[in-house]
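> Below you'll find the structure I mean.
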Amino acid sequence: MQLKVTDIDISSGGPLIAILNIEDALKLDLHTLDRVKITSNSKSIICSVDISETKVKKGHIGLFKEVLSLLKVKNNSVLNIHPDQKPKSIEFIRKKLDGYKLNKNEIFEIVRDITLNRLTEPELTYFISAIYINKLSLQENIELIKAIVKNGKTLNLKGKIYDIHSTGGIPGNKVTMIVVPIIAAAGLKIPKTSSRAITSASGTADTMEVLCKVDFTAKEIESIVKKTNGCIVWGGSQDLASADDKLIKIEHPLSLDPENILLASILSKKLSVRTNNLLLEIPYSKEIKIKTKQKALYLKKRFLQITKKLGIKTKIIIADGSQPIGNGIGPNLEARDVLDILMNKKDAPNDLRQKSLHLASLLLEMAKIKNPYETATKILNSGLAYKKFREIIKAQKGNPNIKSQNLKLGKYKLKFKAYKPGKVIDINNNLVFKICRLLGSPVHKGSGIYFYVHENDLLKKNQLIFTVYAETKEDFKDVKNFISKNTLKKLVNI
């Protein structure tokens, strides 16, 4: 059947979708989520079908932006449409749902179809659910990692490649932006791909983005690393382990986080940038992703089993994730903390500085550099780390002369003071994240929370404990209503 293109002017965010008029769908005996093969000149793609009585006229086919881009067609272009079978990988997903192990070829087929957008969101959801319910064996997990890497792009870097990663969950954990320039200034290669925030106030990529561009192709990343030894870029921008990003997108709305996908997500990204020396932090606390030390130790064992098979020299530390790191939470506030530390300002947050030096020294120790902590401290104190950070910012098309005060904060602000004298017992990470999201972080770069205290600090009544910054009046009102006295007591327990 030949149909004319109707540009729907909507992006699906990944899946390839075509909308048929109900009469045309009946002629082709097609139902919702069936497949069609669409051909334009010599180019063909497979799309899943949606059906409408009014959105698309009879004799037309509605195409989302992703399909239009791949086929390079416009409104009223004539396309050939044929029904197509469902991908073979759906059988393998069903097999895993039934509790059976998948072999190397079956896993590769699933990942290939994910990468090519041949699976619908419900089908991807079934795959994640199958892993959540039945788990992957060690070998299945390794094959999933390898399949994700093989179906994406990889960097062409040689020699020893270093990397640092955290399983996440701690507000303000921006150590990457301090560790990377220290390691790069020591002469080691450290191409760091980082994530954007999904439920948190700011991912490393969101924070770095206020200073420079983070969206680059694989070739561009290689060029940046050759110039500077390091980079801090968004891991989802250049098709490195792209199947991983598609799985993550489905995972989070479901609040499912299978440990096998966590392992595959982190390690596929490392293999894609040729990492062979990895420092991994697994923080835990009752309010973040990894809730117990027992779970953290189990993940440590699993990571070490897999990285050994993959040939990645790995050091893992278990960390306390019970409170925010540094003072600022939110893109601009966190970038200010980073710049203040790299510029050795006296009022820079010492907890963030010390943690960054500790992690940098562990990487230097892996590189067999003598006196690693002293070396890391010297690189930071001498200004060499700041000089290297400026080089990276410039290479990533940012302003290397940017200063903390250039990073504007929300004009609406509200200060919160201690409601009684005492000692800070804990700071609730869940509430920190919730407040920052109400403030619009990370989209609103100038919004967030700035803490003046940390756990175990002594307080006087009415002492300033944190300030909230909002970019819009609406966000400001939402947070002001949310932080009642009762909420304040839960947020900062005194």
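> State whether one or more residues within the range 358-379 are without any contact (Cβ under 8 Å) to a residue 40 or more places away in the chain, over 30 Å from Asn428 (Cβ atoms), touching a Ser or Thr at 6+ places or on another chain (Cβ under 7 Å) and in a helix (DSSP H, G or I).
So far as the range 358-379 goes, yes, one or more of its residues are without any contact (Cβ under 8 Å) to a residue 40 or more places away in the chain, over 30 Å from Asn428 (Cβ atoms), touching a Ser or Thr at 6+ places or on another chain (Cβ under 7 Å) and in a helix (DSSP H, G or I).
> Taking the range 289-310 as the search range and keeping residues that are touching a strand residue (DSSP E or B) at 6+ places or on another chain (Cβ under 8 Å) and touching a residue at least 60 places away in the same chain (Cβ under 8 Å), which one is surrounded by the most Cβ atoms within 10 Å (Cβ to Cβ)?
Applying the filter and picking the extreme gives Ile290.
> Let me ask something additional. Consider Tyr126 carefully, then state whether it is over 14 Å from Ala243 (Cβ atoms), open to solvent by 30 Å² or more (accessible area, probe 1.4 Å) and either outside any helix (DSSP H, G or I) or at pLDDT 95 or above (or both).
no
> Looking at (1) among the aliphatic types (A, V, I, L, M); (2) over 29 Å from the mean Cα position of the chain (by Cα); (3) in a helix (DSSP H, G or I), which one does Ile61 not meet, given that it meets all the others?
Failing condition for Ile61: (3).
> Tell me whether the range 449-461 contains one or more residues that are touching a Pro at 6+ places or on another chain (Cβ under 9 Å), of a type in the set (Val, Ile, Thr) and open to solvent by 10 Å² or more (accessible area, probe 1.4 Å).
No, every residue in the range 449-461 fails to be touching a Pro at 6+ places or on another chain (Cβ under 9 Å), of a type in the set (Val, Ile, Thr) and open to solvent by 10 Å² or more (accessible area, probe 1.4 Å).
> What are the residues in the range 312-336 that are open to solvent by less than 60 Å² (accessible area, probe 1.4 Å) and either among the small types (Gly, Ala, Ser) or in contact with a Leu (Cβ under 6 Å, 6 or more places away or on another chain) (or both), if any?
If the condition is that a residue be open to solvent by less than 60 Å² (accessible area, probe 1.4 Å) and either among the small types (Gly, Ala, Ser) or in contact with a Leu (Cβ under 6 Å, 6 or more places away or on another chain) (or both), then Ile312, Thr314, Ile316, Ala319, Gly321, Ser322, Ile325, Gly326, Gly328, Gly330, Asn332, Ala335 are the ones that fit.
> I've got another one for you. Just to be sure I understand, how many residues within the range 1-45 are closer than 14 Å to His82 by Cα, within 34 Å of the chain's Cα centre (by Cα) and of a type in the set (S, T, N, Q)?
Qualifying residue count, the range 1-45: 1.
> Residues of the range 129-165 being open to solvent by 50 Å² or more (accessible area, probe 1.4 Å) and charged (D, E, K, R), which ones?
Lys135, Lys146, Lys150, Lys153, Lys158, Lys160 - these are the residues of the range 129-165 that are open to solvent by 50 Å² or more (accessible area, probe 1.4 Å) and charged (D, E, K, R).
> Select, from Phe108, Phe92, the only residue that is within 30 Å of Thr32 (Cα to Cα) and either modelled with pLDDT under 95 or open to solvent by 50 Å² or more (accessible area, probe 1.4 Å) (or both).
Sole residue among the options that is within 30 Å of Thr32 (Cα to Cα) and either modelled with pLDDT under 95 or open to solvent by 50 Å² or more (accessible area, probe 1.4 Å) (or both): Phe108.
> Let me ask something additional. Pull up the range 8-58, narrow it to residues that are part of a loop (DSSP other than H, G, I, E, B) and without any contact (Cβ under 8 Å) to a residue 40 or more places away in the chain, then point me to the one that is surrounded by the fewest Cβ atoms within 10 Å (Cβ to Cβ).
Checking each candidate, the answer is Ser42.
The values are calculated or read from the model by the stated rules, or taken from the named source; none is laboratory data. All figures in this text were calculated on a predicted structure; none of them were measured in a lab. With ideal geometry, Cβ positions are generated from the backbone for all residues, glycine too; neighbour counts draw on all protein chains shown. Only protein heavy atoms, including side chains, enter the accessible area calculation; ligands, DNA and RNA are left aside. Shrake-Rupley method; radii C 1.70, N 1.55, O 1.52, S 1.80 Å.
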